[in-house]
Each structure stands twice: as C-alpha cells, then as structure tokens.
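One structure below.
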Amino acid sequence: MAETGTVLKVKDLEAWYGESHILHGMSFEIPRGEVVTLLGRNGAGKTTTMRCIMGMVGKRLGSIAFEGTETIKMRSDKIARLGVGYVPEERGIFASLNVIENLELPPVIKPGGMTRDEVFDLFPRLRERRNSQGTKLSGGEQQMLAIARILRTGAKFLLLDEPTEGLAPVIVQQIGEIIRDLKAKGFTILLVEQNFHFASTVADRHYVVEHGHVVEMMRNEEIGSNMEKLQEYLGV
Amino acid sequence: MFELIGIPPQAFYAQLTLGLVNGAFYAVLSLGLAVIFGLLNVINFTHGAQYMMGAFAGYILLTLFGVPYWGALILAPIIVGAIGIVIERTMLRHLYHLDHLYGLLLTFGLVLVIEGLFRQQYGVSGRPYPNPLPGGQNLGFMFLPNYRLWVIVASVVVCFATWYLIEQTRLGSYLRAAVERPDLVQAFGINVPVMVTLTYGFGVALAGFAGVLAAPIQVVSPMMGMNIIIVVFAVVVIGGMGSILGAIITGYFLGLVEGLTRVFYPEASSTVIFVIMAIVLLIRPQGLFGKAK
C-alpha cells in the first residue's frame with residue numbers, strides 16, 4: 001500500500017439500532033496522515049459512525065473501505081486486526097484490571113507499536129500508577145490510558161471518540177499535544193468532538209454531521225470564514 | 001471441650017472431614033457455575049448432569065476400555081468439556097441476547113434429556129466404582145481415609161489453579177475484561193465468541209472433573225447430579241453470582257457448616273444451607289462476595 005492516498009473511505013453508510021434508523025447515507029474520506037474530525041450536535045450520529053467503522057453496530061449497509069479492504073460485513077475483531085485502534089467514548093477502562101493489564105489487553109496486531117516503556121515515557125503518570133486498579137484513576141489518567149493502550153498495538157489508524165469530554169483544560173491541552181505528536185509520527189486519526197475550539201487546534205479537516213449524514217466538509221484553514229455557518233450547525 | 005458438650009471427638013472429626021469433602025465438591029462445582037455465569041450470563045442448570053456425566057465417563061472408561069482412575073481423571077473432563085462445547089456452539093449461543101430465563105430453561109431441558117438417556121441405559125440403582133486409594137491414616141485422634149484426603153487436596157489444587165488462571169494471568173485478564181465489556185474486548189481484536197465457547201467448555205470440564213472425583217465415594221448413578229446441584233445453587237446464591245473467590249470459599253465453608261450441623265443437630269443438616277441462603281438473601285441479596293448491581 002502506498003504511503004499516500006486514502007486510509008478510510010465511507011460511502012452511503014446506513015445504520016440502525018434496533019428499529020431506529022441512525023445513519024442516513026454517511027459519506028466521507030480520510031486521507032493518510034491527516035487528523036479529521038466529525039463535528040455535530042448530540043445525536044447527530046458521530047459515535048454511531050465510529051462504532052460502524054469498528055464493526056460494533058449490528059445492522060449496517062453501504063460501504064466502509066479501510067486501506068482498500070471492504071469491512072462493512074466484517075466482525076469487529078477482524079477489523080481491529082487490519083490496524084484500527086479504538087478509544088471509545090466512555091474510555092472503556094476495565095474496573096477488574098489494573099493499569100498494566102488494561103494497557104496490555106489489546107493484542108499487538110502489527111509490528112511498529114510502542115513498547116511498554118515507550119508508552120510510559122509518553123505518559124509518565126501511568127508509570128507511577130501502574131499497579132492501580134483501572135477505574136481508580138482520575139478521568140484524565142483514564143483517558144491517557146485509553147489512548148496509551150492502542151499505541152502498543154501497532155495500529156496506525158486511530159478512532160478517538162470525544163477524548164476531551166469532561167476533562168480539565170490543562171488535561172485537554174495535554175491531549176491536544178499528544179494528538180499533534182501522533183500526527184507528526186504518521187498516524188491517521190479520526191476524532192469525534194463536541195469541543196469545536198479544541199478540534200480546530202488539532203485537525204486538518206472537519207466533516208459536519210447532521211441527522212445521520214455529512215452536510216459539509218471544511219478544511220481547518222477555512223474555518224474562520226465559515227464561523228457563522230458552523231455555529232448555526234452546532235447550535236452554539 | 002468434647003466431654004463438656006457430650007460428643008465423642010472421633011465423631012466430631014469424622015463429620016468435619018466429611019463436611020470438608022462435601023465442601024470440596026461444592027467448591028469445584030460452584031466455581032464452574034461462577035465462571036460460566038460471569039462470561040456467558042447463563043445459569044448452567046446442566047451442571048449437575050455434566051457432573052454425573054463425568055462420573056459415568058470414568059465408569060465407562062474403566063469398564064469398557066480398562067482406563068484406570070488416574071487416566072479417567074484427565075480424560076473424563078476433556079470428554080465432558082468437549083460435549084459442553086458442542087452444546088454451546090449449537091444451542092446456548094443463540095440465547096445470549098435474551099433474558100437469563102431462556103438459558104435456564106434450555107439447560108434445564110437438557111438435564112431432563114441427558115438424565116433420561118442415562119436412566120434408560122443404566123437404570124437408577126447406580127454402579128459401584130472401585131476406590132483407587134484404599135486404606136487410610138491413623139492420626140491418633142481420628143482415622144482419615146486416604147481417598148477423602150485426596151479429594152480435599154485435589155479440589156484445593158484445582159480451585160487455586162483456576163483462581164490463579166483467572167485473576168493473575170494474561171488470559172485471565174482477557175476473561176475479566178470480556179465479563180465487563182465483551183463488545184470492546186472484541187473491538188481490540190480478540191475473538192470473543194471463541195473465548196466464550198472455551199470458557200463454557202472449561203466450566204463444564206470442572207463439573208466433569210468433580211464427577212470423576214466423586215465416583216469412588218458415591219454410587220455412580222444417573223440421579224447423582226440432581227441431588228447435589230440444588231445445594232450447589234444455594235452455595236452460589238450465598239457466595240454471590242459471578243465471584244470466583246466467593247464461590248470457592250463459600251463452597252468449603254458451607255460443607256463445613258453442614259458437617260458441624262450433623263454433629264450438633266443432625267435433623268437440620270440437610271436444610272441448614274437453605275436457611276443460610278434465606279438469611280443471606282434477606283440481609284445481603286447480592287451474596288457474601290457479590291457486587292451490588
């Protein structure tokens with residue numbers, strides 16, 4: 001696979017939770033090496049889109065191509081093994097596992113992931129707390145752990161679902177630095193964010209989602225001139 | 001002290017040992033139930049029948065194939081576990097998204113079918129299984145039969161090994177994580193359905209192991225599972241569903257309580273566990289070691 005091009009191509013994606021139809025023809029692309037956000041109000045379908053990419057939504061139609069491989073009918077463990085790392089919305093730290101066990105839970109799927117020591121160098125706080133029970137960590141530490149554990153796996157495409165939600169400004173800043181650092185290392189990142197200001201400090205492009213489909217794409221540098229329109233979309 | 005309460009020490013220690021032996025079976029069986037319930041959310045009513053199948057597997061291996069006790073102790077759990085895997089793959093699998101009640105009904109139905117088949121083939125009177133460790137130790141204050149001692153040792157080793165596997169190893173951390181969030185564990189690239197199948201097979205193999213262990217001291221009979229499983233369910237309720245350590249400790253503890261009751265007030269020995277269950281349910285409905293949900 002070439003080092004340029006498209007990492008993920010979503011086309012006409014439809015998804016259902018039980019009877020309710022959540023996604024209505026989502027289409028967007030994620031170029032290699034970019035940080036891309038899905039912006040939109042609560043309930044617009046951003047998290048559902050991520051869960052679809054991860055294969056975690058029961059009923060889904062359309063096309064999701066990762067590195068040219070169609071994954072719409074794939075089971076989530078197979079999708080993960082293609083090289084997709086997932087940080088879920090509620091962070092998904094396991095209460096019955098300590099920090100090291102949480103960190104080493106996702107299996108290494110590709111060469112080139114970080115070692116335990118490299119991860120601890122990036123997140124020194126986690127080294128200090130390595131024997132603590134996962135849910136005894138603060139919200140910020142849990143978020144660090146949720147990001148740290150997928151950096152071990154060798155996945156080069158990361159899904160981050162609201163990584164700044166409920167965190168103090170200083171932690172949000174740290175997470176912003178980590179995301180920029182990961183981008184510099186060649187990771188491709190899809191970010192779901194409510195915090196539009198934060199998104200504009202890390203992202204290359206934004207897809208605005210409304211009622212289960214993409215209504216607009218903006219490059220980050222175009223944001224200033226589109227501010228009014230954006231605020232209308234997001235209802236801020 | 002014994003003179004004071006008018007009980008001969010030999011009788012006291014004998015009942016204590018018997019209590020521990022019963023507790024050993026309660027512990028291994030409730031441990032299997034707890035492991036299965038933790039990951040599958042299925043109350044495996046077939047557990048008693050699978051225990052009985054373990055005893056019969058030992059009996060059939062011996063009488064038809066000449067496999068001695070020690071070989072059966074390894075082979076029978078594998079055979080019974082493999083049958084469990086077939087049951088999980090073909091039937092249980094389809095019930096996970098439904099209420100607990102459906103799993104209970106299916107596994108209860110399986111009990112009726114399995115026990116019926118064995119009754120048809122072997123009758124209800126039961127078959128003797130020779131004691132592989134005859135004789136015993138004279139400890140001065142009591143006579144301890146070798147086989148009883150072996151049952152206690154074997155069950156402690158198996159319980160500890162299972163606890164260690166689940167609480168201290170990497171494989172165990174997958175299991176504990178999958179109990180919390182199976183969807184997320186799978187999204188990290190772990191094949192959770194296969195893990196579920198193997199876990200059920202393992203829990204069932206524990207029941208099969210207990211069955212072989214019981215064969216020399218209990219008559220091998222199609223009904224032996226029904227008799228013990230009701231008590232084991234009470235043990236699981238008292239210990240708290242889904243707690244590994246809780247299942248083990250409660251198993252031994254209640255075996256002892258039962259033995260002691262037999263010394264002091266024999267009339268209550270078969271009901272004491274259910275009385276404790278009622279009290280625990282009133283005071284701590286999640287069980288002694290369970291977490292409130």
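Close amide H pairs (under 5 Å, H built 1.01 Å from N) link B:Gly136 with B:Asn146, residues at least 5 positions away or on another chain. Residue by residue along B:173-185, Cβ atoms of other protein chains within 10 Å of the local Cβ number 6 on average.
Mind checking the mean number of beta-carbon atoms from other chains within 10 Å of the Cβ atoms in A:101-112?
3
Checking every one of the trypsin sites (Lys or Arg not before Pro) in segment A:180-221 against DSSP loop status and a limit of 11 other Cβ atoms within 10 Å picks out A:Lys185.
For the Cα trace of the protein assembly as shown, dividing Rg by the Kirkwood Rh returns an Rg/Rh value of 1.09. In this structure, the amide hydrogen of A:Ser132, modeled 1.01 Å from its nitrogen in the peptide plane, lies closer than 5 angstrom to those of A:Val99, counting only residues at least 5 positions away or on a different chain. Computed over chain B, the quotient of the alpha carbon radius of gyration and 2.2 N^0.38 Å is 1.02. Dipole magnitude for segment B:61-157: computed about the Cα centre from +1 point charges on Lys and Arg Cβ and -1 point charges on Asp and Glu Cβ, it is near 160 debye. Neighbouring Cβ atoms from other chains, within 10 Å of the Cβ of residues in A:68-80, number 3 on average.
For the pair segment A:84-157 and segment B:227-293, the centres of their Cα atoms are 39 angstrom apart.
Here the contact order of segment A:1-41, divided by its residue count and restricted to Cα pairs under 8 Å and six or more residues apart, works out to 40 percent. Membrane-span-like helices in chain B, defined here as complete DSSP H runs extending at least 27 Å along the helix axis by their C-alpha atoms with mean Kyte-Doolittle hydropathy no lower than 1.0, are B:9-40, B:69-90, B:146-168, B:192-214, B:244-264; this is a sequence and geometry rule, not a statement about a membrane. In segment B:48-150, Rg over Rh equals 1.10, where Rg is the alpha-carbon radius of gyration and Rh the Kirkwood radius from pairwise Cα distances. Loop only per DSSP, at most 16 neighbouring Cβ atoms within 10 Å: give me the chymotrypsin sites (Phe, Trp or Tyr not before Pro) in segment B:86-115, ordered by residue number. The qualifying sites are B:Tyr96.
Given +1 at the Cβ of Lys and Arg, -1 at the Cβ of Asp and Glu and no other charges, the dipole of the protein assembly as shown around its Cα centre is 1060 debye to the nearest 20. Taking Cα centre as origin and charging only the Cβ of basic (Lys, Arg, +1) and acidic (Asp, Glu, -1) residues, the dipole magnitude of chain A rounds to 740 debye.
Peptide packing for A:23-33, B:232-242, B:79-89, B:58-68 was compared via the average number of neighbouring C-beta atoms within 10 Å per residue; ordered from the highest value, the list is B:232-242, B:79-89, A:23-33, B:58-68. What chymotrypsin sites (Phe, Trp or Tyr not before Pro) in segment B:244-293 are in a loop by DSSP, with at most 16 other Cβ atoms within 10 Å of the Cβ? Answer by residue number: there is no such site.
Run through the DSSP bridge list for the protein assembly as shown and note the antiparallel percent, rounded to the nearest 5.
Values: 29 of 47 bridges.
Expressed as a percentage, antiparallel bridges in the protein assembly as shown total about 60.
Considering only beta bridges that DSSP places wholly inside chain A, some 60 percent are antiparallel. Taking amide H atoms as placed 1.01 Å from N in the peptide plane, the amide H of A:Tyr17 lies under 5 Å from those of A:Ile22, each 5 or more residues away in sequence or on another chain. With the highest mean first, a sort of the peptides A:105-117, A:148-160, B:26-38 on other beta-carbon atoms found within 10 angstrom per residue produces B:26-38, A:148-160, A:105-117.
Each stretch of four or more DSSP H residues adds -39500 (n - 2.57); spread over every residue of chain B, this sum gives -24500 deg cm²/dmol at 222 nm.
Bear in mind that the values in this text are calculations on the coordinates, not laboratory data. Nothing here was measured: the structure is a model prediction, and the numbers come from that model. Note: ideal-geometry Cβ built from the backbone for every residue, glycine included; neighbour counts use all protein chains shown.
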